[in-house]
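Read the structure below first, then the notes.
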Amino acid sequence: MTSPTAPMPILCVRDLTIALPDGADRRHAVQDVSFDVGAREVLCIVGESGSGKSITAHAVMGLLPRNLVTRSGAIALAGRSLISRSEEEMRAVRGREIGMIFQEPMTSLNPVRRIGEQITEVFKAHGALTPPERAEKAVALLAEVGLPEPAQMMRAFPHQLSGGQRQRVMIAMALALEPRLLIADEPTTALDVTTQGQILKLIERLRRDRDMGVLFITHDFGVVDDIADRVAVMRHGQIVEMGSAAEVLRAPTHAYTKALLAAVPSLTPPPVAATLPDVPALTVENLQKTYVTSVGFFRPPRVVAAVADVSFTLRRGETLGIVGESGSGKSTVGKCLVRLLEANGGAIRLGDVDLMQLRGSRLRPLRRRIQMVFQDPYASLNPRKTIGRIIADGPMAHGVPASAAHDKARELIQLVGLGPDALNRYPHEFSGGQRQRIGIARALALEPDVVVADEAVSALDVSVQAQILLLLRDLKQRLAMSLIFITHDLRVAAQICDRIAVMQKGRIVELGDTAKVFADPQHAYTRELLAAVPGRRQPSPRALEGA
Amino acid sequence: MTAFLRRFAENRGALIGIAILLVIVAVAVLAPLIYPTSPWRMVNRPFIAPFALERAPLGTDALGRDILAGLVHGSRVSLLIGLVSTLAALLVGVPVGAAAGYFGGWVDNALMRLTEFFQTIPSFALAIVVVSLLQPSVASIVLAIAIVSWPPVARMVRGEVLSLRSREYVQAAIVTGQPAAKVILTEVLPNVASPIIVLASLMTATAILLESSLSFLGLGDPNVMSWGYMVGAGRTRVLEQWWISFIPGAAIFVTVLALNLVGEGLNDALNPTLKKGRL
C-alpha cells in the first residue's frame with residue numbers, strides 16, 4: 001500500500017517479523033507487518049493490549065528487549081535501512097532522525113535536573129551547536145510546544161509542572177534535532193481528557209509546521225479519529241486492516257475492526273427504560289476530606305481539600321456516575337463512602353444509620369452493606385488465595401458458615417459468567433477481564449445495598465470493557481443493585497449511568513439525568529469536558545447504525 | 001515451590017552454603033556421640049600443635065583440653081543461640097512492624113519511636129549490659145541478642161506492610177469487613193514472608209557473631225563450651241600458639257559465611273525479578 005500524501009515515504013516497514021521467546025502464547029510478537037509513513041502524515045497503529053503495536057514502534061527505534069529477535073523484514077528511514085545497524089549507529093539515528101515520546105511523562109524526565117538542562121542535553125549528546133545556541137534553541141522549542149514563559153520554564157524542575165506540561169517538554173526534547181519522524185507511543189493515555197485534547201492539537205500543528213511524519217500508537221479509537229490520516233489495525237501481531245482514517249473508521253471491512261469499533265461506547269446515552277421508585281439507598285451530606293501535610297517545623301501545614309463539600313442521594317436501583325478529571329476528588333469520595341478513608345466531616349446515611357458515626361468493631365458488621373469494585377484487576381486479588389476463598393472470605397467474616405459461603409461463591413461465579421472450576425484456581429490464571437468479574441463477584445457476595453465501582457473498567461481493553469459494562473447493566477437489572485460508578489471516561493459514563501455528577505476541585509458542579517447532562521450541559525466545566533472527549537467530531541459508526 | 005527450588009539450586013554459592021550448614025548441623029546433633037566426654041576435661045598436656053597427636057588431631061589448648069572436642073560441642077551452642085535468638089527477635093519485631101505499618105497514625109509513631117530508642121543505643125554495649133545484669137547463661141545471652149536485633153526486623157516489616165496496605169486486595173479485605181488481625185495474618189504477612197526469611201538467615205549469622213563476641217569477653221555461659229569462649233581463652237598466647245584461637249575463629253567464619261550464602265541464595269530465589277534486573 002503506497003501513501004497518497006508523499007511520493008517517497010519517510011518510514012518504510014516491509015514484512016517485519018519479530019519472534020517471541022519459546023513458551024510464549026504465540027510464536028511471533030509481530031508477523032509480516034508492512035506500512036509506510038509519509039511526510040506530514042499521521043499513521044495510527046491501533047490495537048488492544050498484546051497486539052504487538054508497541055513492539056512494532058520499538059523495533060523501528062531499535063529498542064527491542066533483548067529476548068526478542070527480528071526474524072525477517074526491512075525497516076528503512078528515508079530510503080536507508082535501519083536493520084542490522086550497530087547500537088552506536090542507532091543512537092545517532094534516535095533523536096536526530098527519529099524523535100520519540102512515551103506514555104509516562106512523569107517518569108520520562110529526570111526529577112532532579114532542570115527542564116533547561118534536560119533539553120540542552122539532547123543537543124550535547126549529539127554534539128550539536130554551541131552552549132549559548134543550545135540554550136537559545138531550547139527556549140524557542142519550549143515556546144513552540146506552547147509552554148507559558150519559556151525562559152522561566154527552563155529553570156523549573158519536573159515536579160513543578162503538570163502532567164500535560166511535562167508531556168510538552170518531552171515533545172520539545174523529541175523535536176530538538178528536527179527529526180523527520182516522530183514516534184508517539186500512547187502519549188496521551190496517562191493524561192486527562194482536556195489535556196489530551198491540547199496535546200493532540202499540538203502534535204497536529206507540529207507535523208504540518210515541520211513536514212514531519214508521525215507514527216502514533218494508541219488503543220483509543222477516539223484519539224485515532226481526532227488525529228489519524230491513515231490507520232492500521234493490529235491484532236495478534238498482524239495488521240488486519242489498513243486504510244485512510246475515513247475508510248477504516250466509517251466503513252471498516254474486517255470483522256475485528258467492526259467489533260472493536262462497536263465496542264467503543266457511544267457518547268449518546270441509551271434510552272431510559274423505566275423511572276425508578278424514589279427510595280433513597282444512600283444519602284451523602286456535606287462530605288469533606290482534607291489532607292494536611294506538614295512541611296516542617298515552624299511553618300503552617302499545607303492543607304488540600306480533596307473533597308470540599310459533596311452531597312447527593314443515590315436511589316435504590318439507580319446508577320449514579322461521578323465523573324471528573326484526576327485530582328477532582330472523585331476517587332476520594334468513593335474511598336470515603338466505603339470508609340477506606342476517614343472523611344473530616346459530613347454524613348453518609350445508609351437507610352437510617354450514619355456510617356460516619358461508627359468505627360472499629362461497630363462499623364465492621366455494617367461494611368457488608370456497601371461494597372467496592374476496584375480499578376486494577378491485577379492488584380485487587382490476593383495472588384496467594386484461590387478464587388473460591390477470595391469470594392467466600394467476606395461472607396465468612398460476617399458469620400456465614402463455610403459451606404454456605406462456598407455455595408454462594410459457586411453461584412456468584414456463574415452469575416458473573418465464569419465456570420465453577422474457576423473457584424479452585426489462583427488469580428494469575430485469569431485475564432484482566434476475568435479478574436474484574438471475580439472482583440464484582442466478591443463485592444456481590446455480601447449482598448450489599450450499594451456498590452461503589454472506582455474506575456472499574458478503566459484498565460481494560462475496549463472489547464473487554466464492553467463485556468464488563470454489559471455484565472454490570474445486566475446485574476443491575478437482575479439484582480436491583482444501587483451503583484456508584486466513578487470514572488474519568490464520559491463515554492463509559494454515558495452508557496451505564498442513570499444520573500451523572502460532574503466533579504471539579506472537590507465539588508459537584510453539575511448533577512442531573514445522564515441524557516440531560518450530555519444533551520444540555522449547564523456548567524461551563526461540563527461543556528469543556530464534553531468538548532474534549534476524543535473522537536466526537538463525527539458520530540461514531542455505532543450511533544449511525546443505531547439511528 | 002519447585003520453581004523456587006530450581007532457582008535456588010542454580011545458585012552455586014547457596015548450594016555450598018547449604019552443604020556447609022548441613023555438615024555443621026550434623027556435627028551439632030551428633031556431638032554427644034562423637035565426643036561423649038565433657039569438652040572441658042583435660043585430656044593431654046597443653047599446647048600440642050594440630051596434627052601432632054592422633055588422639056587430639058587439632059591440638060590442645062592452655063589447659064590441655066582437646067580443641068576438636070571443644071569445636072564439636074561449641075557448634076551446638078552457636079547454632080542454638082543463633083536460631084533461638086533470631087526466632088525471639090522475629091517474635092518481637094514482626095508484630096511490632098506489622099502493627100505500626102498497618103494501623104499507622106499514633107500507633108505507628110509510638111512503636112517507631114520505641115524502635116528508634118533501641119536502635120540508637122550501641123547494640124553490643126546494650127547486650128553486654130543485659131548479660132552482665134542477668135548473670136551469663138544461655139537464656140540471658142539469647143535475650144540480650146534478641147533485644148538488640150529486633151529493631152531492624154520491625155523497620156523492614158513496617159516498610160513492607162506500609163506498601164502492601166495500600167494494595168487493592170488488602171483494601172478489598174477491609175471493605176468486606178474482615179477483622180484487622182485476620183487481614184494482617186492472611187492478606188498482608190504471607191506477602192512479607194520472603195524478605196523476612198532472607199533477613200532471618202542473615203540475622204542468625206549476626207547472632208552467632210554476637211554470642212562469640214560476648215563469650216570472648218568472658219560473658220558466655222560458663223557451663224557450655226562455645227567458639228567465642230575458645231577464641232577468648234587462646235588470646236593471651238595468640239602469637240605462640242595461634243591455633244588455639246584460630247581454629248574456633250575459622251569455624252565461626254565458615255558458619256557465618258555459609259549462612260550469608262544461603263541468605264543471598266534465598267533472596268535471589270524468592271525475588272526472581274530482582275535477579276534478572278541485576279544481570
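Place a point 7 Å from Cα of A:Arg302 in the direction of its Cβ. Which residues in region A:112-137 have their backbone N less than 16 Å from it?
A:112
Could you tell me how far the Cα centroid of region A:135-192 sits from the Cα centroid of region B:194-246, in Å?
61
Cα to Cα, under 12 Å, and not fewer than 8 places away if on the same chain: which aspartates and glutamates meet these conditions relative to A:Lys289?
Within the straight-line cut-off, A:Lys289 pairs with A:Asp309, A:Glu342.
About its Cα centre, what dipole magnitude does chain A give when the only charges are +1 on Lys and Arg Cβ and -1 on Asp and Glu Cβ, stated in debye to the nearest 20?
1060
Using only alpha carbon pairs under 8 Å that are at least six residues apart, calculate the relative contact order of chain B and give it in whole percent.
Normalised by residue count, the contact order of chain B is 26 percent.
Taking only Cα atoms of region A:243-311, what ratio of Rg to Rh do you get with Rh as the Kirkwood inverse-distance radius?
1.34
Test of understanding: extend the Cα→C-beta vector of A:Asn344 to 7 Å, then name every residue of region A:256-290 with backbone N under 18 Å from that spot.
A:285-290
Given R₀ = 60 Å, what would the calculated FRET efficiency be for B:Thr120 paired with A:Asp309, taking r from the Cβ atoms and rounding to 0.05?
Computed FRET efficiency for B:Thr120 and A:Asp309: 0.85.
Which of the helices in chain B, when you take each full DSSP H run, stretch at least 27 Å along the axis at their Cα atoms and have an average Kyte-Doolittle score of -1.0 or higher? Before the final figure, lay out the partial values.
Numbers: long enough: B:12-34 (32 Å, 2.63); B:67-103 (52 Å, 1.68); B:138-165 (38 Å, 1.26); B:193-216 (34 Å, 1.59); B:243-270 (40 Å, 1.38).
Answer set is B:12-34, B:67-103, B:138-165, B:193-216, B:243-270.
Just tell me which lysines come within less than 27 Å, Cα to Cα, of A:Lys137; anything on the same chain fewer than 8 places away is out.
Reachable lysines: A:Lys124, A:Lys201.
Hey, how many Å between the Cα centroid of region A:103-130 and the Cα centroid of region A:228-270?
36
In the P(r) worked out for the protein assembly as shown, what percent of Cα pairs fall beyond 43 Å?
That tail contains 47 percent of the Cα-Cα pairs.
How much of the DSSP beta bridge set in chain A is antiparallel, as a percent to the nearest 5?
Of those bridges, close to 55 percent are antiparallel.
Given charges of +1 on the Cβ of Lys and Arg and -1 on the Cβ of Asp and Glu, with all other atoms neutral, how large is the dipole of region B:1-123 about its Cα centre, in debye to the nearest 20? Display every interim value, and only then the final one.
Details: 9 positive and 6 negative charges, 58 e Å.
Dipole magnitude for region B:1-123 comes out near 280 debye.
With the Cα gyration tensor of chain B in hand, give its eigenvalues times 5 under a square root as the equivalent ellipsoid semi-axes, listed largest first in whole angstrom.
Rounded to whole Å, the semi-axes are 41, 23, 14.
Which is the longest stretch in chain A that no exposed loop site breaks, taking sites as chymotrypsin sites (Phe, Trp or Tyr not before Pro) with a DSSP loop state and at most 11 other Cβ atoms within 10 Å?
The segment A:1-296 is the longest one with no such site.
For A:Asp209 and A:Arg14, compute 0.36 nm times the residue count separating them, minus their Cα-Cα distance, and round to one decimal in nm.
67.4 nm
Looking at chain A, do any whole DSSP H helices span at least 24 angstrom along their long axis by alpha carbon and average -0.5 or above on Kyte-Doolittle, and which?
In chain A, the long hydrophobic H runs are A:462-479.
Put +1 on the Cβ of each Lys and Arg and -1 on the Cβ of each Asp and Glu in region B:121-279; which of B:Gly218, B:Val183, B:Ser123 then has its Cα farthest toward the positive end of the dipole?
B:Val183
Using only alpha carbon pairs under 8 Å that are at least six residues apart, calculate the relative contact order of region A:94-151 and give it in whole percent.
Averaging sequence separation for qualifying contacts and normalising by length gives 23 percent for region A:94-151.
What is the spin-label model distance, in nm, from A:Asn424 to B:Thr236 if the labels are put 7 Å beyond Cα along the C-beta direction?
7.2
What FRET efficiency would be calculated for the residue pair A:Ile83, A:Glu411, taking the C-beta separation as r and a Förster radius of 45 Å, to the nearest 0.05?
For A:Ile83 and A:Glu411, the calculated efficiency is 0.20.
Let me check the size of region A:229-366 from its C-alpha atoms; what are the radius of gyration and Dmax in Å?
23.3, 68
With all pairs of different alpha carbon atoms counted, what Kirkwood hydrodynamic radius in Å does region B:149-279 show?
Numbers: mean 1/r = 0.0561 Å⁻¹.
17.8 Å is the Kirkwood radius here.
Over chain A, calculate the relative contact order: mean separation of alpha carbon pairs under 8 Å at least 6 apart, over the residue count, as a percent.
15
Let me know the shape class of region B:85-184, please: from the alpha-carbon gyration tensor, a ≥ b ≥ c as square roots of the eigenvalues, rounded when a/c is under 1.5, otherwise prolate if a/b is greater than b/c, or oblate.
It comes out prolate by the Cα gyration axes.
Taking R0 as 51 Å, what FRET efficiency do you get between A:Arg250 and B:Ile197 from their Cβ-Cβ distance, rounded to the nearest 0.05?
The calculated FRET efficiency here is 0.30.
Pick out, from A:Ala480, B:Ser201, A:Gly62, the residue whose Cα sits farthest towards the positive end of the charge dipole of the protein assembly as shown, with +1 on the Cβ of Lys and Arg and -1 on the Cβ of Asp and Glu.
So the residue we want is B:Ser201.
Name the lysines eligible as straight-distance cross-link partners of A:Lys53: C-alpha to C-alpha under 17 Å, and not fewer than 8 places from it in the same chain.
Result set, ordered by chain and number: empty.
Throughout, read-outs are computed from the coordinates displayed, never taken from laboratory work. From a predicted model like this one, the values you see are computed outputs, not experimental measurements. Note that we place each Cβ from the backbone using ideal geometry, even for glycine, and neighbour counts take in every protein chain shown.
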